[in-house]
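Input: a single structure, listed below in structure tokens.
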Ligand SMILES: CC(=O)SCCNC(=O)CCNC(=O)[C@H](O)C(C)(C)COP(=O)(O)OP(=O)(O)OC[C@H]1O[C@@H](n2cnc3c(N)ncnc32)[C@H](O)[C@@H]1OP(=O)(O)O
């Protein structure tokens, strides 16, 4: 008997302000599990232009992901998540591909991520990295940022509890 395959129909689009509560609801279980870092709602509104979301024809938000620019050539994939019932249907891969297009459009050629989902990111061309992979001059510029994600990228001691068990990964997308 042929295997029954459930197809998920969806489109990936730029996020809108009205998506913010839905993005928060989508990632809340992952925040509870300490897989993703919880953030205040205002932080999501401030970052709404960084987000892409996956939506079904019925208007259900089933995935999200963000690209945060850190430096001239450097960006970070953030808050990539797919709802439990739509996992393994290509949604995460499609959002990541769109974030990579966004990165190239902006001039960003190196993408960082900090994740527990190592095999997923490896399949998309990311490789584990050890320490910080920026020149000392850039390091001392980045250290001025107030962004928690940048602090995590720099592996600063004060954010180590947030990053415990995560793998630091990088992809060059030129
Ligand atoms: C940088 C950060 O944001 S770090 C945080 C990363 N996110 C998390 O940790 C949150 C929890 N995890 C998730 O939300 C998800 O697992 C994600 C986002 C990592 C991946 O999302 P998914 O939509 O499941 O990814 P996608 O479907 O593209 O690929 C996953 C698997 O499904 C498989 N797949 C893709 N399309 C299909 C399909 N149509 N039918 C069957 N399998 C499929 C892929 O081959 C892959 O399989 P593999 O793992 O055996 O190689």
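Bear in mind that the values in this text are calculations on the coordinates, not laboratory data. Note that the coordinates shown come from a computational prediction; the quantities given were computed from them, not determined experimentally. Heads up, the Cβs are rebuilt from the backbone with ideal geometry, glycines too, and the neighbour counts pull from every protein chain shown.
Some notes on this structure:
- The set of residues in the range 129-151 that are out of contact with any strand residue (DSSP E or B) (no Cβ under 6 Å at 6 or more places or on another chain) and not in a helix (DSSP H, G or I) comprises 130, 131, 132, 133, 134, 135, 143, 144, 145, 146, 147.
- Of all the residues in the range 1-60, those that are over 21 Å from residue 88 (Cβ atoms), touching a strand residue (DSSP E or B) at 6+ places or on another chain (Cβ under 9 Å) and within 12 Å of the ligand (Cβ to nearest atom) number 3.
- Residue 80 outside any helix (DSSP H, G or I), free of Cβ contacts under 8 Å to residues at least 60 places away in the same chain, more than 8 Å from the ligand (Cβ to nearest atom) and under 12 Å from the mean Cα position of the chain (by Cα): no
- Every pair of residues 6+ apart whose Cβ atoms lie under 6 Å, when the first sits in the range 111-128 and is in a loop (DSSP other than H, G, I, E, B) while the second is buried (at least 18 other Cβ atoms within 10 Å of the Cβ): 124/96; 125/171; 126/169; 126/171
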